[in-house]
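Below is one structure, written out as structure tokens; the observations come after it.
What follows draws every value from the coordinates through simple rules; no lab data is involved. Everything numeric here is computed off the predicted structure, so don't read it as measured data. Cβ placement follows ideal geometry from the backbone for every residue including glycine, while neighbour counts extend to all protein chains displayed.
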Amino acid sequence: MKQEMSSVDVAALVKELRPRLLDAKITKIYQHSPDEIRIGLHIFKEGRTNLIIEAGRRLHLTGHPEIAQKLPQSFPMLLRKYLSGGRITEISQYDFDRIIEIHTRRGEDNAILLIELFSKGNIILLDADKKIILPLKSISFRDRKVVRGEIYELPQAQLSPVTASLDDLKEIFSHSDSDVVRTLATRMNIGGQYAEEICMRAGVEKNIPAKQLSDDLPVLNAIKEVFTPLNTDLKPHIVLKEGKAIDVLPLPLSQYEKHEKKYFGTFNEALDEYFSAGVDKKGEKAKEAGTEKKSEKPGLYEYRMQKQMLALQKFRDEEKKLVHKGELIYAHYQLCEGILKAVKSARDKGYSWDEIKNTLKNSDIPEAKAIKSINPARVALMLDLDGEEAEVDIRLSVHQNSQVYYDKAKKLSAKIKGALTAIEETKKLSEKGEAPKIRKKPEKPRQKWYEQFRWFISSDGFLVIGGRDAQNNEDIVKKHLEKRDIFFHAHVSGSPAVVIKTEGKEVPETTLLEAAQFTVSYTGIWKSCQQSWECYWVLPEQVSKTPESGEYVAKGAFVIRGKRNYFKDVMLGAALGLEFNEEKMLSGGPLSAVKKRAKFVIEIEQGEFNQNDLSKKIYRMLNEKFEDKKLIKMIASPDKIAMFLPPGGSKVKE
């Protein structure tokens, strides 16, 4: 099982993260173990996230941050001093090595956080001149010192596989005393795994001495074949063996051709899932342990009672104030009535708020002096009544303004009753010695890689994905279309690129028909109100982005070569379903597929409501149907419902 990132992983990750992290703001920094730190970041248009750095092992953004220690250690405290509040100005890989430099700026000060992912690794804070401010681990060797005050020395540059030429290869092979595979692994910083992949693709015996290699060109061609995707499109995935993750890669390797794989939209997501496995469970155990300890504390009920008593007193004080203000307005009935009539009359005559303010400012009458301020937004006046303030709305009568305060007091009266009931319950539990009940929040489901697309699980259990837009179509074909999959498309504007993920299994006719209906239902045909349309399916090798000479292929479009297998007169249709299995979720797709898995199904047909209006209508229906409102909001909010609705007008089928 892979334990640390390779130089190839670093190159892929840096290329992916650089545009995201530039100008990201650094917040707090924590240390979870002797080798691991977590940096809080705020990314523009994305919000808060966390960067995990584990010396000698990994670096990636994570959706599974560990609970921070209550007492921070000295190293993260020093990093906070230099970095917190600053912004990331650059992130780069040093010379295709397992070294990452994160450049930061805070005010006028520049600093560099240097991460070593090789050997035992290190995390080192440098100033702008690369002088060491503080390393995570101080190390002193005869020829190298990583200690405070020393200039950090980068290792000797090696040959990069991305830029290597034929002359470069001849040079390293002619001066090597080792075999081909070891020479590639060490002189190019790519490690044994990729060195063996190159030898395999080049058809070169890996154990022959490098000096005896007669032809270097096949090796160069294999290097380009393996590493060109680093500059074009990655295909991030986790390699599985008997259901267990054994490797995480940004590029496909032929040595894993027969292994099961799990693909991701980004390499960062793949790294996070691979390296963060078990973090959530660890956090849950820590929370459970903490809950048990809290329950055992003798003063827990007293603390709860204290909080409830304070809340009760706050409610009573607020209720008293509101009743008093209502009575105060009644006590000054004539004054309030005169003010309300005068200001309302001025507004009815067309006077602006500024004109009314200026008139009141220069007036000596008692009513004018009683007006402390005017709030045009609320159409309200703040009055001084015997040294106390009360707000009145000029659209309401004196009686109605007074009633507003009494109504607010009634609401607090209900809260007071609830607080008294809670206090009685705490008293009873304290006498019985029972542990307090802790409400569990519904666990938010983790997003799966395919949820960025349109998707459904067929009635035969096959995953089917489809593009939402041109970029989605590009991603599906470039990153997720594999050898044994089946590709669907339709001759119509806005047709999604639809793929049945076969995993090498034979696909039944039912799944093919469902994929066909899925394809035509999410095209522009839905808007035209036609009841049926046609589509076709082909094999992955028939799908290409390479046009004929003189032609152009637009984004999200493809060239199909060879025979097409058509489905004629495919009926349009869609459905939504709520699944309440081990995983509670909203699903969508063809009715036959949704009915197979969901316990509650809503069928959709062409109609008069746009996606936004219909999604809200369905959300209200679900809230009326199910008691657990929080669960419905979490798994079937209007925006999530809208993602499953076809383009154009729709309605719920009666």
³J(HN,Hα) computed for each position of region 13-24 - Karplus, 6.51 cos²θ - 1.76 cosθ + 1.60, integer Hz, glycine/proline x: 5, 4, 4, 6, 7, 3, x, 6, 8, 4, 6, 5
Relative contact order of the chain, pairs being alpha-carbon contacts under 8 Å that are 6 or more residues apart, as %: 7 percent
Footprinting exposure proxy for L13, L240, L412 (fewest neighbouring C-beta atoms within 10 Å first): L240, L412, L13
Virtual spin-label span in nm between S33 and Q447, 7 Å along Cα→Cβ: 2.8 nm
Using θ = phi - 60° and Karplus 6.51 cos²θ - 1.76 cosθ + 1.60, couplings along region 261-269 (whole Hz; Gly, Pro as x): 9, 10, 9, 9, x, 9, 5, 4, 4
Distance in nm between pseudo-label sites at E108 and E225 (7 Å out along the Cβ direction from Cα): 5.7 nm
In sequence order, calculated HN-Hα J values of region 145-153 (Karplus, 6.51, -1.76, 1.60; Hz; x Gly/Pro): 10, 10, 9, 3, x, 7, 7, 6, 9
Cβ-based net charge around K344, under 11 Å, with every Lys or Arg adding one and every Asp or Glu removing one: +1
Distance between modelled label sites at Q3 and S74, nm, 7 Å Cα→Cβ extension: 2.9 nm
10 Å beta-carbon shell around C535, net charge (K/R +1, D/E -1): +1
Principal-axis tilt of helix 217-227 within the chain, Cα atoms, nearest 10 degrees: 10 degrees
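Given Cα pairs under 8 Å that are at least 6 residues apart, what percent is the relative contact order of region 481-560? All intermediate terms of the calculation are to be shown ahead of the outcome.
Details: 111 pairs, mean separation 26.4, N = 80.
The normalised contact order for region 481-560 reaches 33 percent.
In this model, which of K45/K640; K314/K341; K28/K630; K28/K261; K258/K596 are farther than 25 Å apart at the alpha-carbon? Could you put the intermediate results ahead of the total?
Numbers: K45/K640 20 Å; K314/K341 36 Å; K28/K630 31 Å; K28/K261 36 Å; K258/K596 30 Å.
Listed pairs above 25 Å: K314/K341; K28/K630; K28/K261; K258/K596.
To the nearest 0.05, what FRET efficiency results for K244 and D407 with a Förster distance of 45 Å applied to their C-beta separation?
Numbers: r = 62 Å, r/R0 = 1.38.
Computed FRET efficiency for K244 and D407: 0.15.
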Taking N as its residue count, the alpha carbon Rg of the chain over 2.2 N^0.38 Å: 1.30
Rh by Kirkwood over Cα pairs, then Stokes-Einstein D for region 307-414 at 0.890 mPa s and 25 °C, µm²/s: 165 µm²/s
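Within the chain, what's the longest stretch lacking trypsin sites (Lys or Arg not before Pro) that sit in DSSP loops with no more than 10 other Cβ atoms inside 10 Å? Kindly include the intermediate steps, with their values, before the conclusion.
Working: sites that count: K45, K70, R142, K258, K349, K437, R439, K440, K483, K555, K563, K599.
The longest uninterrupted stretch comes out as 143-257.
Could you put S254, S138 in order, starting from the residue whose Cβ has the fewest other Cβ atoms within 10 Å?
Values: S254 10, S138 14.
Arranged by neighbour count, lowest to highest, S254, S138 become S254, S138.
Kindly state, to the nearest 0.05, the FRET efficiency for Y351 paired with Q400, given R0 = 25 Å and r defined as their beta-carbon distance.
So the FRET efficiency works out to roughly 0.60.
Please arrange C199, C535 by how many other C-beta atoms lie within 10 Å of their C-beta, fewest to most. Before the final figure, lay out the partial values.
Values: C199 21, C535 25.
By the 10 Å Cβ count, ascending, the order reads C199, C535.
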Two-site FRET efficiency, S174 against R142, from Cβ-Cβ distance with R₀ of 41 Å, rounded to 0.05: 0.85
